[in-house]
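Working notes, structure below.
The values are calculated or read from the model by the stated rules, or taken from the named source; none is laboratory data. Quantities reported herein were computed from a predicted structural model and do not represent experimental measurements. Neighbour counts are summed over all protein chains in view; Cβ atoms, including those assigned to glycine, are modelled from backbone coordinates with ideal geometry. Heads up: the accessible areas ignore ligands, DNA and RNA and are worked out on the full protein's heavy atoms, side chains in. Shrake-Rupley method; radii C 1.70, N 1.55, O 1.52, S 1.80 Å.
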Amino acid sequence: MSDHLLINVFNVDAALAVGRAKGLFAAAGIDVDVMVTPNSTDQMRGLGKSSWQIVSTAFDNVLGWSGREDAEIIAIAQVSQGGTLPVYVRPEIKKWDDLRGKALAVDAVDTAYALVLRRVLLAHGLEMDRGDYTLIAKGTTGYRLDSMVQGETFAGVLNAPWDGKAAAVGMVRMTDHREVLPDYPGGVYAVSRRWAAENRELLVKFLRTWNEALHWCRDEKNQAEAIRLVGAAEKLDERAAANRLRQLPKGGKLNLPGLQSVLDLRVLFKLTPPMGEKLTAYYDENFYADASK
């Protein structure tokens, strides 16, 4: 009898897609289902309530939700390299100061890319706490782009593949996160600490199988098949599937300096997480270390 895991994601990483498509998880005795979340609030609240067992998310969401609603959430593996987080604006915005008094689109107002956007704007003399602009929670990237196209909001972080769609409909790229946050990390796998402790063997088995798929994907001789499998599983064209593969990390070991930069950003904006300022409260490397042996 197979163990069942429900994984909640913003995007399905290439190793997860390939592991499912090639039957690696099934061979390991794990029935893996995946659902795409509409926003980080639903995702993290559901994780805390055990609606699903694992999430693929920005580390800032771990910081924002661990210690809330009786949930202690930890990052356990790096699921992607730090991708580019471009800031796009509507075409009538010609300079940063044109955003003064405007509404800007974010997933949730106090997590992840909203804080990246605030940090970029701070570097250009705009402060939310001073009332220079407002943030409107619109959910995932597609919803943020829709809001900008409709003229409800005037700027937002629009990551791939929506950045290309944004440019196609006239949105203008102003900069990206690297201007102010060069070490900002990619996404992580995260779990409830309580669930992980109670299901350690299953979690390690999942990570071991995912890690096998990751290394298969990164092997040069498998690239063509990997692109085909990811494209078919995720309904992506060849270019988008190849980009999904490029987002994979070399391994799942957590990027601790990058995670620290995310925590530092929260402290800067006086949004210190409920579990305090020590990074060690928000991750556990042991599960992936065991899976890598």
**Asked** For THR41, all conditions in the list (1) surrounded by 16 or more Cβ atoms within 10 Å (Cβ to Cβ); (2) outside any strand (DSSP E or B); (3) β-branched (Val, Ile, Thr); (4) in contact with a helix residue (DSSP H, G or I) (Cβ under 8 Å, 6 or more places away or on another chain) hold save one; what is the number of the exception?
**Response** (4)
**Asked** Where in region 54-94 are there strands (runs of 3 or more DSSP E), lying fully within it, with 1 or more residues that are within 17 Å of ASP107 (Cβ to Cβ) and open to solvent by 10 Å² or more (accessible area, probe 1.4 Å)?
**Response** 54-57, 86-89
**Request:** Residues being in a helix (DSSP H, G or I) and touching a His at 6+ places or on another chain (Cβ under 7 Å): count how many of those fall in region 17-38.
**Result:** 0
**Request:** Name the single residue, out of those in region 271-284 being touching a residue at least 60 places away in the same chain (Cβ under 8 Å) and part of a loop (DSSP other than H, G, I, E, B), that is farthest from ASP60 (Cα to Cα).
**Result:** ASP284
**Request:** Output the residues belonging to region 2-16 that are open to solvent by less than 40 Å² (accessible area, probe 1.4 Å) and assigned to a loop (DSSP other than H, G, I, E, B).
**Result:** VAL12, ASP13
**Prompt:** Any chance region 109-121 includes a residue that's open to solvent by 50 Å² or more (accessible area, probe 1.4 Å), part of a strand (DSSP E or B) and in contact with a strand residue (DSSP E or B) (Cβ under 9 Å, 6 or more places away or on another chain)?
**Reply:** no
**Asked** Name the residues in region 235-268 that are surrounded by 16 or more Cβ atoms within 10 Å (Cβ to Cβ) and assigned to a loop (DSSP other than H, G, I, E, B), would you?
**Response** LEU236, GLN247, LEU248, PRO249, GLY252, LEU254, ASN255
**Prompt:** Is region 65-73 home to any residue that is out of contact with any Leu (no Cβ under 9 Å at 6 or more places or on another chain), of a type in the set (Asp, Glu) and at pLDDT 95 or above?
**Reply:** yes
**Prompt:** Residue check, ASP107 against (1) closer than 17 Å to LYS270 by Cα; (2) within 14 Å of the chain's Cα centre (by Cα); (3) among the charged types (D, E, K, R), all met but one. Which one?
**Reply:** (1)
**Asked** Considering VAL12, VAL55, which residue is in contact with a strand residue (DSSP E or B) (Cβ under 8 Å, 6 or more places away or on another chain) and within 23 Å of ASP290 (Cβ to Cβ)?
**Response** VAL55
